[in-house]
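What follows is one structure encoded as structure tokens, with my remarks underneath.
The values are calculated or read from the model by the stated rules, or taken from the named source; none is laboratory data. Here the structure is a predicted model, which means the values were calculated and not measured. All Cβ positions, even for glycine, are placed from backbone atoms using ideal geometry, and neighbour counts span all protein chains on display.
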């Protein structure tokens, strides 16, 4: 997404912004005020930002971490339920993520435990992140659809 604003300077420890040159067309004919459409666009962008609940300091911290390669976005959080399919047996196991390991190579391993006694994965401790969406799914519906698709191929 292209920036709507550009930094002019810092005043009293706070940044001062103006409408970026790319969005000059949002100004009225006299060029001094922003048109109704421009105000609407700015309010929508501001609304998305405010809905995130992030402070400007936190956004800066996350941006710095991403730029330095320290930010990892996990597909599953500890405590999440996932559904693993076993196409050979036609079975879906409900598992709970209980640990995550991130490797310096960028690989991610998720470790799990059975959510119920009805599982066939008693000998497996987890899965590679690359398996998400292939053999491990975030919802039972996704797992059932994948299992059904695999049955149809046989």
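Among (1) assigned to a loop (DSSP other than H, G, I, E, B); (2) assigned by TED's automatic domain parsing to the domain that holds residue 27, there is one condition residue 124 misses while meeting the rest; what is its number?
Against the list (1) assigned to a loop (DSSP other than H, G, I, E, B); (2) assigned by TED's automatic domain parsing to the domain that holds residue 27, residue 124 comes up short only on (2).
Among the listed residues 41, 54, 74, identify the single one that is farther than 30 Å from residue 148 by Cβ, in a loop (DSSP other than H, G, I, E, B) and either at pLDDT 90 or above or not assigned by TED's automatic domain parsing to the domain that holds residue 101 (or both).
Answer to the selection: 54.
Select, from 57, 131, 118, 75, the only residue that is loosely packed, with under 12 Cβ neighbours inside 10 Å and either touching a residue at least 60 places away in the same chain (Cβ under 8 Å) or more than 30 Å from residue 4 (Cβ to Cβ) (or both).
Going through 57, 131, 118, 75 in turn, just one is loosely packed, with under 12 Cβ neighbours inside 10 Å and either touching a residue at least 60 places away in the same chain (Cβ under 8 Å) or more than 30 Å from residue 4 (Cβ to Cβ) (or both): 118.
Can you give me the number of residues within the stretch 42-71 that are in contact with a helix residue (DSSP H, G or I) (Cβ under 9 Å, 6 or more places away or on another chain) and farther than 30 Å from residue 26 by Cα?
So the count comes out to 2.
Taking residue 46 and the conditions (1) assigned to a helix (DSSP H, G or I); (2) in contact (Cβ under 8 Å) with a residue 60 or more places away in the chain, which numbered condition does it fall short on, given that it satisfies the others?
If we test residue 46 against (1) assigned to a helix (DSSP H, G or I); (2) in contact (Cβ under 8 Å) with a residue 60 or more places away in the chain, just (2) comes out false.
Cβ contacts < 8 Å: first residue under 16 Å from residue 83 (Cα atoms), restricted to the stretch 139-154; second residue part of a loop (DSSP other than H, G, I, E, B), any location; separation 6+ or different chain. Result?
Partner pairs satisfying both residue conditions: 142/133; 146/134; 146/135; 147/87; 147/90; 150/87.
Can we say residue 89 is loosely packed, with under 13 Cβ neighbours inside 10 Å, at pLDDT 80 or above and in the same structural domain as residue 114 (by TED's automatic domain parsing)? Please lay out each step first, then the result.
On the way: loosely packed, with under 13 Cβ neighbours inside 10 Å: yes; at pLDDT 80 or above: yes; in the same structural domain as residue 114 (by TED's automatic domain parsing): yes.
For residue 89, the condition - loosely packed, with under 13 Cβ neighbours inside 10 Å, at pLDDT 80 or above and in the same structural domain as residue 114 (by TED's automatic domain parsing) - is met.
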